[in-house]
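What follows is a short report on a single structure.
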Amino acid sequence: MDNDSRLPTRDEAVALLREHTRKPGLIKHALAVEAAMRAHARRAGEDEHAWGLVGLLHDFDYERWPDPEHHPTKGVEILEGLGYPEWFRRAILSHADYTGVSRETELERSLYACDELCGFITACVLVRPDKSLHGLKLKSVRKRMKDKAFARAVDRAHIVAGAEQLGMELDAHIEFVVDALRGVADELELGGRSGADTS
């Protein structure tokens, strides 16, 4: 790829993800953020493919280099070598507060808003008896956000700040992302019994 606005196919991006990532949970997280980013692209009238690939690859280096000293900078170096454009790499850098890269675009703000929230929503589904996104209710997500012992690695302040930076009400953003993930529930192995309500 030349270092311009052109991007690889999704299959090529998935191959890059799988080259660096073996853990199923990290792959599913990438797929979840991809789906949420595609939904935000539709909302913003932007390129679904481009935004989806940013979501898909935002953590592709994390399994090999999980520490702040290297993630996501190592991944961005790899992407630069492969010819991914500067705006793409900058968006990935901006999703980690510690890189010092500010979030200036709707793409960057959307990635930040989706990252931790996708992980938290997945955790909420995994403790449901039916393991299904389809019956997950907003009130259940909000209740678990208040439980500091639940999914304690997820930064609640990050989730709140992400919605604020997008200019969306937190509840609206949670429902927006849950709805986006329902579209790929089977791929995430969170399909359960469709339509079940065991909140």
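The values are calculated or read from the model by the stated rules, or taken from the named source; none is laboratory data. Just so we're clear, the structure is a prediction, and the values are computed from it rather than from any experiment. Cβ atoms come from the backbone with ideal geometry, glycine included; neighbour counts cover every protein chain shown.
Please specify each residue of segment 137-151 satisfying the condition of being within 18 Å of the chain's Cα centre (by Cα) and assigned to a loop (DSSP other than H, G, I, E, B). Break it down stepwise before answering.
Pass one, segment 137-151, residues within 18 Å of the chain's Cα centre (by Cα): 141, 145, 151.
Selection gives Ala151 alone.
So that you can scan it fast, the table gives a plain yes or no per residue for (1) farther than 26 Å from Gly191 by Cα; (2) assigned to a helix (DSSP H, G or I); (3) at pLDDT below 95; (4) of a type in the set (Ser, Thr, Tyr):
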position	(1), (2), (3), (4)
His29	no, yes, no, no
Ala35	no, yes, no, no
Arg38	no, yes, no, no
Gly52	no, yes, no, no
Gly55	no, yes, no, no
Trp65	yes, no, yes, no
His71	yes, no, yes, no
Gly75	yes, yes, yes, no
Arg89	yes, yes, no, no
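Out of (1) assigned to a loop (DSSP other than H, G, I, E, B); (2) exposed (fewer than 14 other Cβ atoms within 10 Å of the Cβ); (3) not acidic (Asp, Glu), what's the single condition that is false for Leu188?
Against the list (1) assigned to a loop (DSSP other than H, G, I, E, B); (2) exposed (fewer than 14 other Cβ atoms within 10 Å of the Cβ); (3) not acidic (Asp, Glu), Leu188 comes up short only on (2).
Surrounded by fewer than 19 Cβ atoms within 10 Å (Cβ to Cβ) and not in a helix (DSSP H, G or I): does that describe Arg18?
Values: surrounded by fewer than 19 Cβ atoms within 10 Å (Cβ to Cβ): yes; not in a helix (DSSP H, G or I): no.
For Arg18, the condition - surrounded by fewer than 19 Cβ atoms within 10 Å (Cβ to Cβ) and not in a helix (DSSP H, G or I) - is not met.
Being more than 15 Å from the chain's Cα centre (by Cα), closer than 20 Å to Ile27 by Cα and among the charged types (D, E, K, R) is the filter here; which residues of segment 38-76 pass it? Walk me through it before giving the result.
Step one: list which residues in segment 38-76 are more than 15 Å from the chain's Cα centre (by Cα), which gives 42-47, 63-71, 73-76.
Those left that are additionally closer than 20 Å to Ile27 by Cα: 63-68, 70-71, 73-76.
Scanning segment 38-76 gives Glu63, Arg64, Asp67, Lys74.
If Tyr98 passes every condition in (1) assigned to a loop (DSSP other than H, G, I, E, B); (2) in contact with a Pro (Cβ under 9 Å, 6 or more places away or on another chain); (3) in contact (Cβ under 8 Å) with a residue 24 or more places away in the chain; (4) not polar (S, T, N, Q) but one, which one does it miss?
Here Tyr98 meets the rest and fails (1).
Any residue at all in segment 21-33 that is surrounded by 14 or more Cβ atoms within 10 Å (Cβ to Cβ), within 14 Å of the chain's Cα centre (by Cα) and basic (Lys, Arg)? Steps first, please.
Initial filter on segment 21-33 (surrounded by 14 or more Cβ atoms within 10 Å (Cβ to Cβ)): 21, 26-33.
With within 14 Å of the chain's Cα centre (by Cα) added as a condition, the list becomes 26-33.
From what's left, basic (Lys, Arg): 28.
Within segment 21-33 (the criterion being surrounded by 14 or more Cβ atoms within 10 Å (Cβ to Cβ), within 14 Å of the chain's Cα centre (by Cα) and basic (Lys, Arg)), the answer is yes, since at least one residue qualifies.
Taking Arg109, is it assigned to a helix (DSSP H, G or I) and either exposed (fewer than 14 other Cβ atoms within 10 Å of the Cβ) or within 14 Å of the chain's Cα centre (by Cα) (or both)? Show your work before the answer.
Numbers: assigned to a helix (DSSP H, G or I): yes; either exposed (fewer than 14 other Cβ atoms within 10 Å of the Cβ) or within 14 Å of the chain's Cα centre (by Cα) (or both): yes.
Here the answer is yes, as Arg109 does meet what is asked.
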